[in-house]
Each structure stands twice: as C-alpha cells, then as structure tokens.
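I have placed the structure first, in the form of structure tokens, so that the comments after it can refer back to it.
The values are calculated or read from the model by the stated rules, or taken from the named source; none is laboratory data. All of these numbers come straight from a predicted model, not from anything done at the bench. FYI the Cβ positions are ideal-geometry reconstructions off the backbone, even for glycines, and counts take in every protein chain you see. What goes into the accessible areas is simple: the full protein's heavy atoms, side chains included, and nothing from ligands, DNA or RNA. Shrake-Rupley method; radii C 1.70, N 1.55, O 1.52, S 1.80 Å.
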Amino acid sequence: MEPIKAGNLTIYPIILDVDHKLKSFNSYLVEDGHSLSLIDAGMNKDEYWNLFTNTLHTFGFEVRDLTGILLTHHHFDHIGLVNRITDEVAIPVYAHKKAIPRLKRDPEFMQQRVDFYTKLYEEMGCGEAGSKQIDYLLNAIEKHKHTAIKAEIMPLDKQIHGFHVIEVPGHSPDQVAFYNEKAKVLFGGDVLIDHISSNALIEPDERGERILSLIQQMDSLKKCSQLSLDYVFSGHGEMIDNHKNLIETRLDNVEIKASKLLTLIKDGASTASEIAQQYYKKIYELQFPLVMSEIIGHLDFLEVNRKVRTEKVDGVWRYYSYE
Ligand SMILES: [Zn+2]
C-alpha cells in the first residue's frame, strides 16, 4: 500500500485483509523525521510478519530502524508481533498502564478476572451458558500463557513521539488513541471502526468492580468527535474521513438498540440473560461474552437514563421499566 503524507508524518499502513467481519488487521508505521513508530503490532502469524517486514523493506527500512512500538490496547490482534520484534531489537514498548497486567498475563490479575466473570454471569442469571464461558476462560488462560509480552512495558504519558495520548476507554479499559494535531490524524485502535460498531466489552476495574463500558465508550466517542481530524486510522477496515458523522451514527444506534431492549423488558423479560436470549436468539450461545457485554452495556445506558430500575432477587439482578 502507498504511504500517506499528513503534516510532517509519513504513514505506511500494514493491512492484512481477512474474510471475516473485521475485514482486516491493521497496524501502521509512522515516520516523522525523528522516529519510526509502529502503532499496534497485528497478529502473531508468519503472514503478518512477512507483510510487516516487506513494508519496511519496500520503503528502505529495516526492523532495527524502529524506535518504538505504541499499543492502542492489549487485545491479541493488536500485539501479535511485539515479542518477535523485541527479540530482534531492544526497542521500547508503550501502552496504557492498565494494559500492563493484561499484556504480562499476570496470574493474580487473570484469577481476579475469572472471579469477576463468575460472579457477573451468576448475577445476570446466565446459568449453564455462564459456567461454560468460565470453563473456556480458564482453558484460555492456560493455553495463551506463552503469548505474554516479554519486554518491559513503558506506561504511556500524555505525549509520545509527537502524539497526544488520549484515553478512550470502553472497547477495553486501556484503550488509547494517538492524536497528531498538526497532521490532523488519529490512530484510534478500535475506538471507532468504519464498517462495524466497536464492542464495549464488560471488564472489571482494578478493584474487581464492573466498569460501565458502554457509557465509557460513548464518552470516548464524544471526546473524539471534538477533535479536528482529516483521518482516523483504525485497527480494522478502512480509514475514516468523516469521523463526526460516523460517531453520531454510533451514538444514535445505542439509543435505538436500548429502546428495543426496553420493549422486551416491558413485555416481561427481566434478567440480562433473558433479555439477551430474546434479543439475540441463537447468537446468545454462539457469541456469549460479546452478547452479554452488549446487553449489559445497553441496560446500563437505560439505567443511567432512568428508564429502568434494578432489584436483586435471589442473587440475580432484575430490570424493570419505570413505566
Ligand atoms: Zn481489534
């Protein structure tokens, strides 16, 4: 792909197209005359490594020319090549401080997450589907142990390599965006994706309490909407040249979906699990954690806007309409 010039930046996109709803896995080499940053590090696959090194070589660079890796968030599809790169060259890896236990796969932190989801799924009335997901999670912790990032991770400050670091939590608690004011570009990771709405995944905070992820995601989108931007470079799909309109659509869609859930509640569905099953049908089982994040997030939205009230009955939260 051809480089893109923006202000004093030259951006070399590394885009691996996939036949999947995410469309592509994107990372970006960004040169500003002083530094050559890699923003996100794609998938841990030979195919991605080849694409990355070919992009470097095509434009006259080597892996050793990199000055740092900047991570937008800790998800596996954004950090894939980090270990492979830092095995070759000792360059700093930067991420939000909340990403560190996640990237290191800190055992204590991982256990705290398991406890959090166990309690959450019980309280949301998920039964069998919830226990299955916990088994899956326990398995995944074991299976993905080796993917922990080996290099020391430097917590991001307010500025890095000419970018303002903007906290945009919601999709994940550690999600940041890198903003270059002069070039009018934002590297947003998964805060805003052109072709799909980014999931606001349910996560615990440091104390193990549930974060209101969707509310956070909406605030983060509003924050991005204020920025003067020509382009948003996302973690997936095409680059975005109309961020304000797209953000408005995403925010409107939350209200539309929430009002559909409110109808289900008025019709008698009361636990998050019941609402999820009625809304998502078969997808409830197939994409359980995503579905529960969506439903709980939109129920939070209804609750914050005083459309529903909650009551815990026999350890399970029930949602009731005020009307
Ligand atoms: Zn992603």
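Being assigned to a loop (DSSP other than H, G, I, E, B) and surrounded by 17 or more Cβ atoms within 10 Å (Cβ to Cβ) is the filter here, so list the residues in the stretch 239-277 that pass it. Please lay out each step first, then the result.
The first filter runs over the stretch 239-277 and keeps only residues assigned to a loop (DSSP other than H, G, I, E, B), leaving 239, 241-242, 267-271.
Met239, Ala269, Ser270, Thr271 - these are the residues of the stretch 239-277 that are assigned to a loop (DSSP other than H, G, I, E, B) and surrounded by 17 or more Cβ atoms within 10 Å (Cβ to Cβ).
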Return the residues of the stretch 222-238 that are within 15 Å of the ligand (Cβ to nearest atom) and in a loop (DSSP other than H, G, I, E, B); say none if nothing qualifies. Gly235, His236, Gly237, Glu238
Residues of the stretch 24-68 being buried (at least 19 other Cβ atoms within 10 Å of the Cβ) and within 16 Å of the ligand (Cβ to nearest atom), in sequence order, are Phe25, Asn26, Ser27, Tyr28, Leu38, Ile39, Asp40, Ala41, Gly42, Met43, Tyr48
Total residues in the stretch 280-313, condition part of a helix (DSSP H, G or I), surrounded by fewer than 19 Cβ atoms within 10 Å (Cβ to Cβ) and free of Cβ contacts under 8 Å to residues at least 60 places away in the same chain: 4
If you go through the stretch 125-136 one residue at a time, do you hit one that is open to solvent by 40 Å² or more (accessible area, probe 1.4 Å), of a type in the set (Phe, Trp, Tyr) and in a helix (DSSP H, G or I)? yes
So Asp77 fits all but one of (1) in contact with a Leu (Cβ under 9 Å, 6 or more places away or on another chain); (2) under 20 Å from Ala272 (Cα atoms); (3) of a type in the set (Asp, Glu); what number is the exception? (2)
The residue from Glu238, Glu167, Glu203 that alone is within 20 Å of Asp17 (Cα to Cα) and either in contact with a Lys or Arg (Cβ under 9 Å, 6 or more places away or on another chain) or among the aromatic types (Phe, Trp, Tyr) (or both) is Glu238
